[in-house]
Each structure stands twice: as C-alpha cells, then as structure tokens.
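Taking it in order: structure first as structure tokens, then the write-up.
The values are calculated or read from the model by the stated rules, or taken from the named source; none is laboratory data. Note that the structure is a prediction, hence the values are computed from the model and not measured. Counting neighbours? That spans all protein chains shown, and the Cβs are built from the backbone with ideal geometry, glycine included. Accessible surface is based on the protein model in full, side chains and every heavy atom, while ligands, DNA and RNA are left aside. Shrake-Rupley method; radii C 1.70, N 1.55, O 1.52, S 1.80 Å.
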Amino acid sequence: MDPIILLGLIAVGIGAGILGGIFGVGGGVIFVPILLLVFHLSPAEAAATSLIGIISGSAGASSVQIRSGRSNIRLGLFLEISTAIGAIIGAAIAVYLDDHVLILIFVVVIAAMGIKMLLDRKAGDRSSEPEDGRFTFPYEDDSGETRRFKVEHVKGSVPLCLGAGMVSSITGIGGGAIKVPIMNMYMGVPIKVATATSSYMIGITAFTGAIAYLVSGIVVFEYAAWIAIGAFFGSILGVAISRRLDGRRLKRYFGIFMLTMAVLILLQEVGVLD
Amino acid sequence: MTDALNTWTARAIRTMIVVGIAVLVAGLLLDHEVMMWVGLGTVIASPFAGLLVSLAMLIRERDLWWAAVAGALVALLVGRLLLTLV
C-alpha cells in the first residue's frame, strides 16, 4: 500500500477516534465521505470500513471510560434495547421512505439540539441529592467528588431512542449525536456520563452491521485495519482530552460539533461536497 | 465508584480490542489475509464480548432486573444478526 494512503487512513482514524472519545459519537459522518471522496471506496466498502472504525473507537474509549466508572453500563443497556428495536424497524421500512427527507429532518433536529446545548448553562448535574431507585446512579463530578444522579423521563426515553435507532438505521448517521442530547437535556444525565455511555452504546449498535459486512466479504482489509488502528489510539487520546474539559465546556463544544455536523451533512446532501 | 460489573466488562472489551489490534498489525506486517480477518473479527466482537461479560456479572451479582435487560439485548442482537445473515 502507498505510504501516503496508509498515513492518510491512520490520520482519519485518529481524528474520528479523538472526536468519538470526546463527544461519544461514532464518527460515521466523518469516515464515510472521506473514504468515498478521498480514498475512492464504493459506498458499501466505505460503510463497512466506517462501521469497523466506529467499533474500534468505541471499544478503545469505553474500555477506559467503563473502568473509571464514567460510562454507565446499566443505563446504556436499557437505552440500547429501544435503539436496537428502532434499528430493526428502520431497516424494514427504509425502502418505503425517502431518505433525503429524513436526512433533512435529521439536520434540522441536530442543529436545534446543538443550539440548545450551546445556550444551556447546566452540565446536567443536579445540586440536590436524589432518592434511591433503580435509575439512580453514582458519578464523579468535575472536582472528583462522587455524587449521584437520577435519570428522569425513563419511559419517555424509550420512544426517543426508538426514533434515534430508526433514523440512524435508515440514514446511516447520527446514533451518538442524537443519544447524547437526549440523555443530557431530556433525561438529566451529566454530560460526561452521557458522552461516555454513548461511546459504549455505539459499539454495540454497530456490531451486527459490521459482522454482516465482514461475512459478506465487502470489507477491504487493509483500509479497515489501518482505520481501526488509528481509531483505537485516537479514542484513547480523545478520552484523555475529555477528562481535562469541565462539563459546561464539553457541553458547549458538543453544541458546536453538532452545528458543524449539521452543516457538513447539508452540504453533502445538496452535492457541494461530492 | 467502580464495581465488579465495570471492572470485568472493561477488562473483556480491552482484552478483545488489544488482541484484535495486535493480530491485525501482525497480519498487515506479514500480509496474511486470514490473520487480518481474525484481527478484524476480534475487534468487531469486542463490544459484544463486553455485553456478554456484563450479562454474566449481573447474573452473578443477582441483579436480576438488569440481567433481564442485558439478556433481552443479547437476544435482540443475536436475532438481528441472524435476520441480516440469513
């Protein structure tokens, strides 16, 4: 393989891994257009390589975040059920829907969420001590003190995650970008817990799709391997960076990231990036 | 802050991803396609391995409500995988 291509793949993996480690997103919105436009892979090859990069970044980040207790496994498992059902429904009804309309709706939703996150001053941390319950969990705040948070709107989160699973299954983008704001703004989960839990969830979401691609022989091994290696190390770097950010700043950066993503997807959709 | 569930789940994911990456690098250096396939397969399987270990730990801790949640998710993923592959 040409060393320039090799270095390019590692750099893309590292870049997406860093973003994934900081914001708890998969990075498909970065991987796919670059693999299509710069590395000239076919759409199926780009999607397969992207999924493998997402899993590698998720595994790298979540192995660190789970160990430190920042990623909440129980909450992730609960939300992942409705996301997985949504993904199955999305795959079944995808042929009947116009994905361009869905992508435009998605762009409006993430832009609105991004603006709300930019304007919201809270990091999702609650000042009062919540009562015990199945959905009350410990977490470490910015000062390193162990506190607890109670997940709000548990029932309401089910249809939202179902919708998030459907949209990301149909459009191929947006799992983490939708789930982090749902967790933080709607369910009252501290932003750092929300991003870390999302990191854990996106790997599970991508698992079945990646296995299917690997078995069907669509994966271009060398491309996927270098992307996976880059994403793994990038995600660990991203987690280290996120630890240095306080919750409010992380939330503000996430808002900026979502707005940037909305613009990039819109440009891609209208053909400016083709 | 961390309990056995977190410790063992993190350990499972990290072991799988590190082994997968090591096999991948070896496969790339030796230009060995089977090693690359195994490496990528191990990387891809790492979140699912973490999920299975979480399920086992929740059952072991007799945290049955959460074990049922994890079990349902495992069943869903396996079902979806079978639907995709068949």
Open item on the list: For chain A, what does the helix formula give at 222 nm: sum of -39500 (n - 2.57) over DSSP H segments with n ≥ 4, over the residue count, nearest 500 deg cm²/dmol?
Closed with: -24500 deg cm²/dmol
- [ ] Using R₀ = 45 Å, calculate the FRET efficiency as 1/(1 + (r/R₀)^6) where r is the Cβ-Cβ separation of A:Tyr96 and A:Ile256; round to 0.05.
- [x] 0.80
- [ ] Multiply the residue gap between B:Leu85 and B:Asp31 by 0.36 nm, knock off their C-alpha separation, and tell me the result in nm, one decimal place.
- [x] 16.6 nm
Task: Shielding by partners - mean other protein chain Cβ count within 10 Å, residues of B:14-23 - done: 4
- [ ] Find the accessible area per residue for the range A:3-269; the probe is 1.4 Å, ligands and nucleic acids are left out, and the unit is Å².
- [x] 38 Å²
Open item on the list: Could you compute the longest span of chain A free of trypsin sites (Lys or Arg not before Pro) located in DSSP loops and having at most 15 other Cβ atoms within 10 Å, not counting the site residues?
Closed with: A:135-274
TODO: Quick one: angle between helix A:3-23 and the longest Cα principal axis of chain A, in degrees between 0 and 90, rounded to 10, please.
DONE: 20 degrees
Open item on the list: Ignoring ligands, DNA and RNA, please state the percent of accessible area on the range A:3-269 from carbon and sulfur, probe 1.4 Å.
Closed with: 66 percent
TODO: Provide the solvent-accessible area of B:Val38, counting protein heavy atoms only and rolling a 1.4 Å probe, rounded to the nearest 10 Å².
DONE: 70 Å²
TODO: Treating the angle as unsigned and between 0 and 90°, give the value, to the nearest 10°, between the Cα long axis of helix A:28-37 and the longest Cα principal axis of chain A.
DONE: 10 degrees
- [ ] Mind running the shape call on the protein assembly as shown? Use the C-alpha gyration tensor, a ≥ b ≥ c as the square roots of the eigenvalues: rounded below 1.5 for a/c, prolate if a/b tops b/c, oblate otherwise.
- [x] rounded
TODO: Would you grab the residues whose amide H sits under 5 Å from the one on A:Gly188? Only those 5+ places off in sequence or on another chain, please, with H modelled 1.01 Å from N.
DONE: A:Glu152
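Put A:Glu80, A:Glu45, B:Glu33 in order of accessible area, largest first, 1.4 Å probe: what do you get?
Largest to smallest exposure gives the sequence B:Glu33, A:Glu45, A:Glu80.
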Open item on the list: For chain A, take the longest principal axis of its alpha carbons; what is the angle in degrees between that and the long axis of helix A:99-119, to the nearest 10 within 0 to 90?
Closed with: 40 degrees
- [ ] Read phi for every residue in the range A:90-96 and hand back ³J(HN,Hα) as whole Hz from Karplus 6.51 cos²θ - 1.76 cosθ + 1.60, θ = phi - 60°, with x for Gly and Pro.
- [x] x, 5, 6, 9, 4, 5, 8
TODO: Amide H neighbours of A:Arg148 under 5 Å, at least 5 residues apart or on other chains, H built in the peptide plane: list them.
DONE: A:Tyr139
TODO: Give me the percent of the accessible area of the range B:4-85 that comes from carbon and sulfur atoms, probe 1.4 Å, all protein chains in place.
DONE: 71 percent
Task: In the B-A interface, the accessible area buried, summed over both sides, Å² (probe 1.4 Å) - done: 4400 Å²
Open item on the list: Between the range A:1-53 and the range B:10-46, how far is it from one alpha carbon centroid to the other, in angstrom?
Closed with: 18 Å
Task: Cβ-Cβ FRET estimate between A:Arg248 and A:Val108, R0 fixed at 30 Å, reported to 0.05 - done: 0.75
